[in-house]
Amino acid sequence: MAVTLSLSVNGKPVHATVDPRTLLVELLRNHLGLTGTHVGCDTAQCGACTVLVDDRAVKACNVLAAQMEGAKVVTIEGIAAADGTLHPMQAAFKECHGLQCGFCTTGMVMSAIDLVNRHPKASEAKIREELEGNLCRCTGYHNIVKAVQHGAAAMGK
Amino acid sequence: MYAFELHHAKSVADASAALSRTGGKALAGGQSLVAAMKLRLAQPGHLVDLSGIPELKGIRREGDHLVIGAMTRHADVVSSEAVKGAIPALAALAEGIGDRQVRNMGTIGGSIANNDPAADWPAAVLGLGATVVTSKRKIAADEFFKGMFETALAEGEIITAVSFPVPKKAAYAKFPNPASRFALVGVFVAQTGAGTRVAVTGAASSVFRSKAHEDALAKDWSAAAAKAVRTPDANLNSDLHGTAAYRAHLVSVMASRAVGATH
Ligand code: FES
Ligand code: FES
């Protein structure tokens, strides 16, 4: 039997009736067309599917959409300003060349926002440790860490 | 994933009734259960979601005990001042579970109900001699963990909280598998009001107490004493990650690191 859900996605109310098996990432990509959230591994390892749930980074491939009743979900599509100005963390990834193919990037950016919200002054070592749940197959970690440092500084302003 | 029905429980009584009626499984954070269902390693016909039950959340100090609600997320244990003040070893243990995203969803109750042989929480629960509080009764840690993925929980019984006695000293050290970050061996050591306790996870089919380490540390609480103990490897796991002999060696190394980290 289908379940009926009410949640908010990128600030807009969403009412959905889904098969209980539906994963959050499937709700976002297939039902809502928000394809910025990527599926890299589908086994909770790579972090490409990371979104914010009530301001916390969560792997959207490893939670059911039905667990999101009443939650506030934010995806990569929801972080830029209304006029299209990039979020400081997005701008920092662009500036520091924090991506190659871009597949891991949306998850990296969402994790980085959660990281900076909790540790505004994180050291380089702390950033590396906190990004443990996000893998970059292009192995661009050096510039990713630099981007997070830049982004953290910009978010603090 | 196989098809299932989902129920959003509003209260513990509601959840127990739904579980008993359907023979289903309780859904906590889902970080192990959803993954197992996707791989078709688990196929419950019904899931009862516990996330909407407010009384299962939160951390509070009750006299000489620290009580952690079953649906408290690992990340909330990490950042809790009450935990850091009473039993900092628990905050450190929670911070070593999985990765940040997993800690944001996964719960203490879910972890111990699942009783994965390599999970971290069972080591703390057994190592401190905690009490598992359920919808029906209170279960001592020594009676709770029954075997691989097996606990004393009955059909329809739900963990509501875990009550940890505040120890004199405690610490946890683990040797994580470099890929999965699960404990190849993790050891929790504690000096409690009820004596010295040492619990080992990751090494065998379920968490267990190492009597030899407890005896040695009761006489001499030192890293050297912990390291000198020889752990028998008879019942330990051998797999592609390590032999039983290697794990037996790691038990004493992790025990000594844990003792060295207490203060
Ligand atoms: S797709 Fe979710 S963690 Fe890889
Ligand atoms: S930029 Fe290609 S996976 Fe990270």
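Residue-level analysis places B:Ala119 among those that are among the hydrophobic types (A, V, I, L, M, F, W, C), out of contact with any Lys or Arg (no Cβ under 9 Å at 6 or more places or on another chain), more than 16 Å from ligand 2 (Cβ to nearest atom) and outside any helix (DSSP H, G or I). On inspection, A:Asp55 qualifies as open to solvent by 20 Å² or more (accessible area, probe 1.4 Å), away from ligand 2 (no atom under 16 Å from the Cβ) and closer than 30 Å to B:Ala179 by Cβ. For the residues A:Glu77, A:Glu95, A:Glu69, the requirement of being within 14 Å of another protein chain (Cβ to nearest Cβ), away from ligand 1 (no atom under 16 Å from the Cβ), over 27 Å from B:Ser180 (Cβ atoms) and in contact (Cβ under 8 Å) with a residue 40 or more places away in the chain singles out A:Glu69.
Among the conditions (1) open to solvent by 10 Å² or more (accessible area, probe 1.4 Å); (2) under 21 Å from B:Asn115 (Cβ atoms); (3) in contact with a Lys or Arg (Cβ under 9 Å, 6 or more places away or on another chain), the only one that B:Ala199 does not satisfy is (1).
In region B:33-79, which residue that is among the acidic types (Asp, Glu) and touching a residue at least 40 places away in the same chain (Cβ under 8 Å) is nearest to the other protein chains (Cβ to nearest Cβ)? Among those residues, the one meeting the criterion is B:Asp49. Of B:Ser205, B:Ser222, B:Ser210, B:Ser238, all but one fail to be of a type in the set (S, T, N, Q), touching a helix residue (DSSP H, G or I) at 6+ places or on another chain (Cβ under 9 Å) and open to solvent by 50 Å² or more (accessible area, probe 1.4 Å); the exception is B:Ser238. In this structure, B:Lys174 does satisfy being open to solvent by 20 Å² or more (accessible area, probe 1.4 Å) and not in a loop (DSSP other than H, G, I, E, B). Taken over region A:122-136, the criterion of being within 16 Å of ligand 1 (Cβ to nearest atom), in a helix (DSSP H, G or I) and either under 12 Å from A:Val148 (Cβ atoms) or more than 12 Å from chain B (Cβ to nearest Cβ) (or both) is satisfied by A:Glu130, A:Leu131.
The values are calculated or read from the model by the stated rules, or taken from the named source; none is laboratory data. Since this is a predicted model, take the numbers as computed values, not measurements. All Cβ positions, even for glycine, are placed from backbone atoms using ideal geometry, and neighbour counts span all protein chains on display. Note: areas computed on protein heavy atoms with side chains; ligands, DNA, RNA excluded. Shrake-Rupley method; radii C 1.70, N 1.55, O 1.52, S 1.80 Å.
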